[in-house]
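Read the structure below first, then the notes.
The values are calculated or read from the model by the stated rules, or taken from the named source; none is laboratory data. These numbers were taken from a predicted model, which means no experiment stands behind them. All Cβ positions, even for glycine, are placed from backbone atoms using ideal geometry, and neighbour counts span all protein chains on display.
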Amino acid sequence: MHYTPDDLFVGAIENTPHCSNVTAEQEIWSKFMLMVLLQGSQHFMIDDVPFRLNSGQGDRKTPIVFMLNVAKPSKLRFINESNIPLRKVMISAPTPWLERLMARPEESGSPVLRQFLGRHLAHFSFAPGRQVVQLSEKIIHPPQALEGELETLYLKAQALDIMWQACLALETEGRKEPQLPSLMSLRTCERIKEFILANLGSDLTIDRIAGEAGASPSTIQRHFKEHFGLTLFDFIRQKRLEAAHHALASEGISVAWAAHMAGYNNLSSFTTAFRKAYGVTPKQVRV
């Protein structure tokens, strides 16, 4: 992917133990860096400050999201001491890109994020949820049919999704005041989305979802609708229809099985809902 000092960079490394074989000190420009380390370890120094990350390998992998702000031109040195094959995504937003993003009155933005971006070598890490891991996998293995501008747009779309979720984690960690329930509930709702997407084929009762979220059914239903504009079960219905549409179009499954995937016991009801969502019948989509 083409990279300039004022544009967003998205890259990935897989099955090589080092980001670079160059271990000599090198100059880097000011930027915000975000790494999703799915496997392996990293040791590097910026302006003589050491950073060590380790997500392990095999069954003991513990993915890490690491955010680092390089507020001024600096010197970077890699210390290549691990032979574990890396699996990682790297997102880099140079200062000019950030300045365009933050070009608004200070009182209207995020004070926690602004403070983070104002400190040289400010850093923050957290364990990613399923959705961030899945987005990272999409960056590592984008669809083969994409190339050129379409591939660039695809990679940036996944990267921006990871970035906003990482910045939300930073925001909620940095601001513990009780007057921030909306941010905390947004993180809870994102975890609910991840749980639903991972369990679309199973029985998703409100009690099961509430137990996963650690909140009452009425609370999660209210917050989910506030944040995403859909009721919890409208969201589930929509995602099951999307899964059925994909399976019909790419795998040629039977309409009856697609109805089962979407949670419908009645073919007529499934066809009506499908036509309303996509403007065509399931038979017209099926390959």
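I'd like the residue in segment 134-171 that is modelled with pLDDT under 90 and closer than 17 Å to Ser55 by Cβ and, out of all such residues, is surrounded by the most Cβ atoms within 10 Å (Cβ to Cβ). It comes out as Ala169. Inside segment 205-234, can you point out the residues that are crowded, with 19+ Cβ neighbours inside 10 Å and at pLDDT 85 or above? Across segment 205-234, the qualifying residues are Ile209, Ile220, His223, Phe224, Leu232. Within segment 1-50, being out of contact with any Lys or Arg (no Cβ under 8 Å at 6 or more places or on another chain) and in a strand (DSSP E or B) holds for Phe9, Gly11, Thr16, Lys31, Phe32, Met33, Leu34, Val49, Pro50. Looking across segment 113-129, the residues that are assigned to a helix (DSSP H, G or I) and surrounded by 14 or more Cβ atoms within 10 Å (Cβ to Cβ) come down to Leu113, Phe116, Leu117. Just the residues that are free of Cβ contacts under 8 Å to residues at least 60 places away in the same chain and either under 19 Å from Ala169 (Cβ atoms) or out of contact with any helix residue (DSSP H, G or I) (no Cβ under 8 Å at 6 or more places or on another chain) (or both), please, taken from segment 196-211. Once the filter is applied, which keeps residues that are free of Cβ contacts under 8 Å to residues at least 60 places away in the same chain and either under 19 Å from Ala169 (Cβ atoms) or out of contact with any helix residue (DSSP H, G or I) (no Cβ under 8 Å at 6 or more places or on another chain) (or both), segment 196-211 yields Asn199, Ser202, Asp203, Thr205, Arg208, Gly211. The one condition from (1) among the aromatic types (Phe, Trp, Tyr); (2) farther than 22 Å from Tyr154 by Cα; (3) within 18 Å of the chain's Cα centre (by Cα) that Phe78 does not meet is (3). Filtering segment 33-75 to residues that are in contact (Cβ under 8 Å) with a residue 60 or more places away in the chain and over 16 Å from Phe126 (Cα atoms) leaves Ile46, Asp47, Val49. Among the residues examined, Leu53 does not qualify as part of a helix (DSSP H, G or I) and either in contact with a Ser or Thr (Cβ under 8 Å, 6 or more places away or on another chain) or of a type in the set (A, V, I, L, M, F, W, C) (or both).
A Cβ distance below 7 Å, combined with a sequence gap of six or more or placement on separate chains, defines the contacts here; from segment 152-164, residues that are without any contact (Cβ under 8 Å) to a residue 40 or more places away in the chain reach residues that are not in a helix (DSSP H, G or I) in the pairs Tyr154/Pro142; Tyr154/Leu146.
Please verify whether segment 186-204 includes one or more residues that are touching a His at 6+ places or on another chain (Cβ under 6 Å) and assigned to a helix (DSSP H, G or I).
Yes, segment 186-204 contains at least one residue that is touching a His at 6+ places or on another chain (Cβ under 6 Å) and assigned to a helix (DSSP H, G or I).
Filtered by the rule that a residue be crowded, with 20+ Cβ neighbours inside 10 Å and closer than 24 Å to Arg208 by Cβ, segment 236-257 gives Arg240, Leu241, Ala244.
Between Ala273, Ala277, Ala258, the distinction of being within 17 Å of Asn199 (Cα to Cα) and small (Gly, Ala, Ser) belongs to Ala258 only.
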